[in-house]
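Have a look at the structure below, then the notes.
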Amino acid sequence: MGFVWMPLVLLSFIFVEGSVGVPSTLDGPLEPVTVPLDNNFRGKAQDLPETHPLVQRIVEGFEPEQISLSLSTTYDSVWISWITGEFQIGDNITPLDPETVASVVQYGMYEFPITDEATGDSLVYNQLYPFEGLQNYTSGIIHHVCLTGLQPDTLYQYQCGDPSIPAMSDVYYFRTMPVSGPKSYPNRVAVVGDLGLTYNTTSTIDHLMSNHPALVLLVGDVCYANLYLTNGTGSDCYSCSFSQTPIHETYQPRWDYWGRYMQPLVSKVPIMVVEGNHEIEQQAENQTFVAYSSRFAFPSEESGSSSTFYYSFNAGGIHFIMLGAYISYDKSADQYKWLERDLAYVDREVTPWLVAVWHPPWYSTYKAHYREAECMRAEMEDLLYKYGVDIVFNGHIIHVLAVFKSLRSIENLPSKHVHNQINPTSHPRQPIAQPPNLPSLTTQPQMPHTAQRNPHTHTCPWPEISNPHSASTHCSIAVVNPTNGIIKLPNNGSGLHPWLHERVLKLMSLGEDSIEAGLGANGSGFPQTRVHAYERSNRVYNYTLDPCGPIYITVGDGGNMEKIAVAHADEAGNCPEPSTTPDEYMGGFCAFNFTSGPAEGKFCWDRQPDYSAYRESSFGHGILEVKNESHALWTWHRNQDMYNIAGDQIYIVRQPDICPIESEFLKEGEPERKTYLEDTQSSTIFSI
């Protein structure tokens, strides 16, 4: 479909109460906007330490902890998950026996006796590193129980555990999703990515809880356990400490700390998760994603999927599709075939809104991860466009840079440049699901922090480096506060690659306070970054403005310890080398030069692309409020703002009349579309 924006009079009769001053996609395509970096804060956070009271184990024996909710495919089913028993870490570990503790949930409607009971399954998982000097991990007993036969939009109370011990939890509360239909939507859907477990995380969750969401989407990168060595030490690079270890380490207790911290929220609000690159966590014998697949309950089987990496579910009149970017997605893959079936049988008369979620963005203009997911886009974009996906949520956009030393004469240079993150004021709020009067997560002060740590294996791109796992030849230079003369820059003959030498000199000439560069683990041996920033697109398809294309929204930093992204690929000197863009877990190289449009013959635009409507580097979360079958309000909340301030806000408007949608439900008989607008004679259709 070509770039033809239909006249706005199609829906000009609609007035949205309280929407004065808020733009809509009907005003599009909107002029690209870049919000300058807020210099009141620096974009890196410090992890919560394992001694922090919010991550400590406060239960005894086999009492449940890390309690969380997730949805099944429809309103009448909900998953309850929890952990009993303590994890073990060390050289000699003995996994707990899941058969020793029952998986039981007792539940009922609020203000009625708890008379219903459901049972489920349990498991333990191991993260094993059979290498000298590394520690192994075995989890507590993880329980998953599915409650069925629930009523829509109804408050329930529940306890979980093993009543025979007895070891039952306190009573918790949750509200089911509304019934699927064009007039029925969850109140608010919170969207967050790359959350981590830092003092910035506490700010994000504090803001998020104040918005009282009915559902939370976490678009990958959960707790960042792979930024740690197995002994619990945060590390710039694993090979610096364990030079003979041919595998990337993780510190699995960070998952337990994250589960404890999040329990006050996710024990009463369901959270739906999709995997990110930080969940790969490779073990010996090439096992990956073990913690991710074990700790969360997924409605995979209910939605016809055979994998925890992709699944779908309904929340009122919204159909959500969660996709996996780190497993096969080509047209012959199981995931693609499943997606094609799922999309074909979405009844848009029942669920008008179609929202897709995966981790790495297709449309990002930040230098970090620029066009990294191009192979996935090439395989799947036509399918999503064909079936009229309305909104796509991604994460991943952060700025992770290794701290370098010289190639041959490694010097340990202190980092004296300290950044400080602003401390949002704590805000009182009511519990999300009434009537539980449980303590909420508190906002913790942001602590000073210094050098960035790099979670990825490093490989050296230069031929003189023969063993990338050798500490004596590890690629790692640091340029920190060069204007104060803290570091000596190696000359071009000391082993520093000419490209990097030239780049560092250029950055120093610009007076950068903190200059870092890194080598990724993508097998290419070229500098690699991770992108954490916010960006919203105009409607786009195949890099072309299209009124029927989805709105792509990247919510790339909920608070993790990696830096936010600042550099844009369209700025002078920032266009990455194309060969550096592939990720080893995301297929081959697909990001070729553009063949048409303003960037024809180039790999990057020389200005902010037309498809990029709004971008800024900030920590935060988003709220999606679907008002009716045609209008949804999207709001981006930045951590540095007060609670009643929106960083970015827009109405996303569906136009099915001009954007026909294929569906199996329409192929037989082509039933006439109905209009469910309430009171069309009134000037107000919905209110905020």
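Data for the structure
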item: Other-chain or far-sequence residues with amide H under 5 Å of Val555's (modelled H); result: Asn394, Gly395
item: DSSP beta bridge pairing in the range 105-232, given as percent antiparallel to the nearest 5; result: 85 percent
item: Relative packing of peptides 377-383, 631-637 - highest average C-beta neighbours within 10 Å first; result: 631-637, 377-383
item: Cα centroid of the range 287-306 to Cα centroid of the range 164-179, whole Å; result: 22 Å
item: Cβ crowding within 10 Å averaged over residues, with 610-616, 147-153 ranked highest first; result: 610-616, 147-153
item: FRET efficiency, Ser332 to Glu99 (Cβ-Cβ, R0 35 Å, nearest 0.05); result: 0.30
item: Relative packing of peptides 620-628, 367-375, 128-136, 166-174 - highest average C-beta neighbours within 10 Å first; result: 367-375, 620-628, 166-174, 128-136
item: Proximal charge balance of Tyr292 [Cβ under 12 Å; K/R count +1, D/E count -1]; result: -3
item: Spatial separation of Cα centroids for the range 98-148 and the range 311-328, in angstrom; result: 24 Å
item: Local net charge near Ile89, Cβ-Cβ under 13 Å (Lys/Arg +1, Asp/Glu -1); result: -4
item: Cut-off 12 Å between beta-carbons: net charge of the residues surrounding Gly108, Lys and Arg +1, Asp and Glu -1; result: -3
item: Computed lengthening from Thr544 to Val33, 0.36 nm per intervening residue step minus Cα-Cα distance; result: 182.2 nm
item: Calculated FRET efficiency for the pair Leu123/Phe589, C-beta based, R₀ 45 Å, to 0.05; result: 0.75
item: R0 of 41 Å, Cβ-Cβ distance Glu60-Phe131: FRET efficiency to nearest 0.05; result: 0.75
item: Cα-based Rg of the range 45-162 normalised by 2.2 N^0.38 Å, two decimals; result: 1.28
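Taken together, the values in this text are just the output of simple stated rules run on the coordinates, not laboratory data. Quantities reported herein were computed from a predicted structural model and do not represent experimental measurements. In this analysis, Cβ positions are derived from the backbone assuming ideal geometry, glycine residues included, and neighbour counts consider all displayed protein chains.
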